1. Can Trp42 be described as out of contact with any Gly (no Cβ under 6 Å at 6 or more places or on another chain), closer than 19 Å to Leu120 by Cβ and aromatic (Phe, Trp, Tyr)?
2. Based on this model, can you work out whether Ser132 counts as within 26 Å of Asp13 (Cα to Cα), modelled with pLDDT of 70 or more and within 13 Å of the chain's Cα centre (by Cα)?
3. Can you work out which of the residues in the stretch 109-120 that are hydrophobic (A, V, I, L, M, F, W, C) and at pLDDT 85 or above is farthest from Gly50 (Cα to Cα)?
4. Just for the stretch 32-59: of the residues that are more than 16 Å from Arg11 (Cα to Cα), of a type in the set (D, E, K, R) and surrounded by 15 or more Cβ atoms within 10 Å (Cβ to Cβ), which one is modelled with the highest pLDDT?
5. Please list, ordered by first then second residue, the pairs with beta carbon atoms under 6 Å, 6 or more apart or interchain, first in the stretch 38-53 and on the phi < 0 side of the Ramachandran plot, second part of a helix (DSSP H, G or I).
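The values are calculated or read from the model by the stated rules, or taken from the named source; none is laboratory data. The shown structure was predicted, so the numbers you read here are calculated from the model rather than taken from an experiment. Every residue, glycine as well, gets a Cβ built from its backbone with ideal geometry; the counts of neighbours run over all protein chains shown.
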Amino acid sequence: QEQEFLDLIRREDSLISAICFSYSGSVAEYDDLRQDALINIWRGLPTFKGDSSSRTWIYRVVINSCVSTIRKQIRHTHASESLDRLYDLVSDEPDTDRERIETLHRLIATLHAEDKAIILMWLDDAGYDDISAVMGMPRNTVATRLHRIKEKLTRIRHKFE
């Protein structure tokens with residue numbers, strides 16, 4: 001099981017980091033969310049039956065882990081930390097794209113947990129069927145929600161400009 005876990009984490013590291021990043025408000029919170037997600041992946045791996053792809057399963061475990069960890073936490077105001085520092089932990093993107101990606105993450109951070117999960121999977125090229133399986137909602141609902149999320153992000157972006 002240990003080697004299977006290590007291979008899975010190596011393969012899906014950027015996905016795990018991106019999801020945890022999108023739910024975090026600070027480096028410390030990112031670290032906590034990632035740690036909890038890895039623990040839940042380790043604990044859940046023996047029960048993974050392969051009914052879906054390992055990537056779809058990772059989405060489900062990490063999103064559920066982040067949402068449940070955030071719900072359990074007593075919200076304390078963290079000292080403001082630079083988004084650059086947090087961004088450096090999870091991105092290998094060249095600096096030229098950094099501003100656009102940071103803006104996108106700021107916009108996504110304004111969404112509710114379920115909408116964050118949907119848009120993040122879509123941005124990671126997950127198909128509607130995969131998103132539907134992870135989120136437990138019909139495919140048509142995924143399509144409608146994605147359309148509304150994109151519209152909302154566009155409206156929010158225009159407010160910031």
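1. So Trp42 does not fit the description; no.
2. So Ser132 fails the test.
3. Checked the stretch 109-120; the qualifying residue farthest from Gly50 (Cα to Cα) is Leu111.
4. Per the stated criteria, the residue is Asp36.
5. Asn40/Val61; Asn40/Ser65; Ile41/Val61; Trp42/Phe5; Gly44/Val61; Leu45/Phe5; Phe48/Trp57; Ser52/Ala133
So that you can scan it fast, the table gives a plain yes or no per residue for (1) of a type in the set (A, V, I, L, M); (2) more than 12 Å from the chain's Cα centre (by Cα); (3) closer than 23 Å to Ser53 by Cβ; (4) at pLDDT below 85:
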position: Asp95; (1), (2), (3), (4): no, yes, no, yes
position: Arg100; (1), (2), (3), (4): no, yes, no, yes
position: Leu123; (1), (2), (3), (4): yes, no, yes, yes
position: Ala143; (1), (2), (3), (4): yes, yes, yes, no
position: Leu146; (1), (2), (3), (4): yes, yes, yes, no
position: Arg155; (1), (2), (3), (4): no, yes, no, yes
position: Glu161; (1), (2), (3), (4): no, yes, no, yes
